[in-house]
Structures are given as C-alpha cells and as structure tokens.
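Remarks on the structure that follows.
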Amino acid sequence: AFYPTICDYERFVRVYDIQAPRGYFTAENFNASLGDVLRGQHRGINPLDHQIPNGSQTNRNLLHSHDPAIKGFLTAVEGAVRDYISRLQAEPHHPFLRRTRERFRFQGLWSARVLQDGYLPNPVHDRGWISSAYYVATIPPERPRDPRNGWLKFGEPNRPPANCGPEKWVEAKLGPLVLFPSYM
C-alpha cells in the first residue's frame, strides 16, 4: 500500500508551458537559440556514470554557464518550479512531501542529446528532490516503430521484468517543462 502513495504519477508529474524569456520574441526562437548553445556543449564523451546509447550528455553542470540562453532558461522555468512546490502539501512521514519548503535552489543542469536510434535509460536522480525534463528540440521520426518513441515514461525499471512496463507516459513535445520527484 506504500507504493501508490510515493508513485502517484497523476499527483506528482506536472507539465508546464514555458514562456520565452526576456530578449526572445517567441518560445520557438528561444528553443532554437538554446538548442544551438547546447549542441555546442556536447563533445561525444559521457560522464562515466551516464551512458546514453547513441547519444551524449554534457560533461559539466550547466548551472555554472554564463551563456545568456542558459541563464534565460533558468529564469523562464523558475516560476513553474515555484508553482509545482506551492501545490505540494507537506506530510511529515512521506519521503517526498516531508521536504516541502517555499525556498529552493537549482542543484544541477545537464543536457542529454539523443541521436537516431538512441535512447536515454530510465534514470533515477539520487542527488535531487525534484527533477525535470525539457525538450529543446525533437526530431520527428518518419514512421516510428513505436508511436511513443522519445516520450517520457514513469514506473518502469531499467531492466523491467515481464509485464512491468511504464505506468505513465508524457508525450515528447518541443517546449513544455515536466516536473516530477527525482526518484521517479
């Protein structure tokens, strides 16, 4: 009976539309600029603990970047993070909700780039409280074998046993920010 209280996907997974930060005319214009910056950060070498088949991850925390597009991204998502936290009701015995506070700080910011036929293994962010996903760019497959190719999935372990598939899907779309507990 404990699993449904900590893996309540409908309660804890939220999707936010992000507005273009100051200096950008549209969200599309901002995503194109941010995408250019992030592609320049990918050198094809993954940190040892982040293997991405046919893809790469930035090898440094982008919070330390002085690039205006990355700073603009942090400013643009801050309101969504504040809203997400404000909707959480503190519960002293709940492993996720007992940490609920008004104040927060960003701990890390990385970019993963997945090329054709690549994928991001189901991660657990063990150093965080709230994690996110944001699609800066998507490559529409011509005829995907899996209609949910690239979508975010929740509730599936990295090496799932038979009949243990995802419990929640979030469509891979350009622009929205998805927030969820880091253990998901």
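Pro123: of a type outside the set (A, V, I, L, M), closer than 24 Å to Arg87 by Cβ and modelled with pLDDT under 85, yes or no? Answer is yes for this residue. Taken over the range 3-36, the criterion of being in contact (Cβ under 8 Å) with a residue 12 or more places away in the chain, over 17 Å from Ser182 (Cα atoms) and either open to solvent by less than 30 Å² (accessible area, probe 1.4 Å) or in a loop (DSSP other than H, G, I, E, B) (or both) is satisfied by Asp17, Ile18, Gln19, Ala20, Pro21, Arg22, Gly23, Tyr24, Phe30, Asn31, Leu34, Gly35. Checked against (1) open to solvent by 90 Å² or more (accessible area, probe 1.4 Å); (2) in contact with an Asp or Glu (Cβ under 6 Å, 6 or more places away or on another chain); (3) among the aromatic types (Phe, Trp, Tyr), Tyr119 passes all but a single condition, namely (2). Here is a check on your reading of the model: is Ser111 of a type in the set (Gly, Ala, Ser) and in contact with a helix residue (DSSP H, G or I) (Cβ under 7 Å, 6 or more places away or on another chain)? So Ser111 fits the description; yes.
Filtered by the rule that a residue be in a helix (DSSP H, G or I), hydroxyl-bearing (Ser, Thr, Tyr) and open to solvent by less than 20 Å² (accessible area, probe 1.4 Å), the range 65-112 gives a lone residue, Tyr84. On inspection, Ala90 qualifies as free of Cβ contacts under 8 Å to residues at least 12 places away in the same chain and among the small types (Gly, Ala, Ser). Of all residues in the range 172-182, those being open to solvent by 10 Å² or more (accessible area, probe 1.4 Å) and at pLDDT 90 or above number 2. The C-beta contact set for the range 99-110 (first residue basic (Lys, Arg), second residue part of a loop (DSSP other than H, G, I, E, B), distance under 8 angstrom, 6+ apart or interchain) comprises Arg99/Trp129.
Does Pro157 satisfy being exposed (fewer than 14 other Cβ atoms within 10 Å of the Cβ), touching a residue at least 12 places away in the same chain (Cβ under 8 Å) and assigned to a loop (DSSP other than H, G, I, E, B)? Please lay out each step first, then the result.
On the way: exposed (fewer than 14 other Cβ atoms within 10 Å of the Cβ): yes; touching a residue at least 12 places away in the same chain (Cβ under 8 Å): yes; assigned to a loop (DSSP other than H, G, I, E, B): yes.
Criteria met by Pro157.
The values are calculated or read from the model by the stated rules, or taken from the named source; none is laboratory data. Computed from a predicted structure; not experimentally measured. Every residue, glycine as well, gets a Cβ built from its backbone with ideal geometry; the counts of neighbours run over all protein chains shown. These area figures cover heavy atoms from the full protein model, side chains too; ligands, DNA and RNA do not enter into them. Shrake-Rupley method; radii C 1.70, N 1.55, O 1.52, S 1.80 Å.
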